[in-house]
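Encoded as structure tokens, the structure appears first; notes follow it.
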Amino acid sequence: MGYNKEEKLHIVAVVAVIRDEKGKYLVLRRHENEIVYPGMYTFPGGKIEENDSVEETLAKEAKEEANLSLKPQKILLKDKSFTRPDGQTVKVFSYLCECKNPEDLKINEEFTNYKWVDIEELRNLEHVGIEEEILQAEKILEQNIPFETLSTRSVKEE
């Protein structure tokens, strides 16, 4: 079943805010031919399709866009809405996620570059407005509470 804008009230999308062991976050540079935010840095993510769950979509997008496998835990950091240039409204939910295989990172053709950044490095990049997600993630992680204790989990780890 393909995407049909006329049948959608909103696009619902999720993004994976992935932090490495050095405390840096993965951002991908969107291709210049993208409809929304061309050439800007963002987190891996995409639309929830058909009957996929949030967790299934996060895992699928991380794998497709960056060749990464996510652990099943996630923490909701932020939700936001915006209207695309074509008039379609988008609801985006950002989740702090952990990655199993950061050494396998390889971006797909939707992106032209990637970086692992901290908040100061992000401020020097043209990005889609993702600073707040990193600040929120840092507040949560500063508490030194095990990630598994804070996260929601809907799928068993493979």
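Observations on the structure shown:
- Failed condition for Gly39, given (1) in a loop (DSSP other than H, G, I, E, B); (2) under 11 Å from the mean Cα position of the chain (by Cα): (2)
- Filter pass, Lys91 being surrounded by fewer than 18 Cβ atoms within 10 Å (Cβ to Cβ) and in contact with a Ser or Thr (Cβ under 9 Å, 6 or more places away or on another chain): yes
- Every condition in (1) closer than 21 Å to Glu34 by Cβ; (2) in contact with a Phe, Trp or Tyr (Cβ under 8 Å, 6 or more places away or on another chain) holds for Thr112 except the one numbered (2).
- Scope the stretch 42-59; condition more than 11 Å from the chain's Cα centre (by Cα) and not aliphatic (A, V, I, L, M); matching residues: Glu49, Glu50, Asn51, Asp52, Ser53, Glu55, Glu56
- Note on the stretch 122-134: among residues that are part of a helix (DSSP H, G or I) and surrounded by fewer than 14 Cβ atoms within 10 Å (Cβ to Cβ), the one that is farthest from the chain's Cα centre (by Cα) is Arg123.
- A search for C-beta distances below 6 Å between a residue of the stretch 126-139 that is under 20 Å from Tyr37 (Cβ atoms) and any residue that is at pLDDT 95 or above and surrounded by fewer than 15 Cβ atoms within 10 Å (Cβ to Cβ), counting only pairs 6+ apart in sequence or on different chains, returns Ile134/Ile119.
- Options Thr112, Thr83; residue that is surrounded by fewer than 15 Cβ atoms within 10 Å (Cβ to Cβ), polar (S, T, N, Q) and closer than 28 Å to Leu9 by Cα: Thr83
- Residue check for Glu65: without any contact (Cβ under 8 Å) to a residue 60 or more places away in the chain, of a type outside the set (Gly, Ala, Ser) and surrounded by fewer than 18 Cβ atoms within 10 Å (Cβ to Cβ): no
- Filtered by the rule that a residue be of a type in the set (Gly, Ala, Ser) and either surrounded by fewer than 16 Cβ atoms within 10 Å (Cβ to Cβ) or over 25 Å from Gly23 (Cα atoms) (or both), the stretch 49-62 gives a lone residue, Ser53.
- Phe43 being buried (at least 21 other Cβ atoms within 10 Å of the Cβ) and either at pLDDT 95 or above or of a type in the set (Ser, Thr, Tyr) (or both): yes
The values are calculated or read from the model by the stated rules, or taken from the named source; none is laboratory data. Remember, it's a predicted structure, so these values are computed and weren't measured experimentally. Don't worry about glycine lacking a Cβ; one is built from the backbone with ideal geometry, like all the others, and counts go over all protein chains shown.
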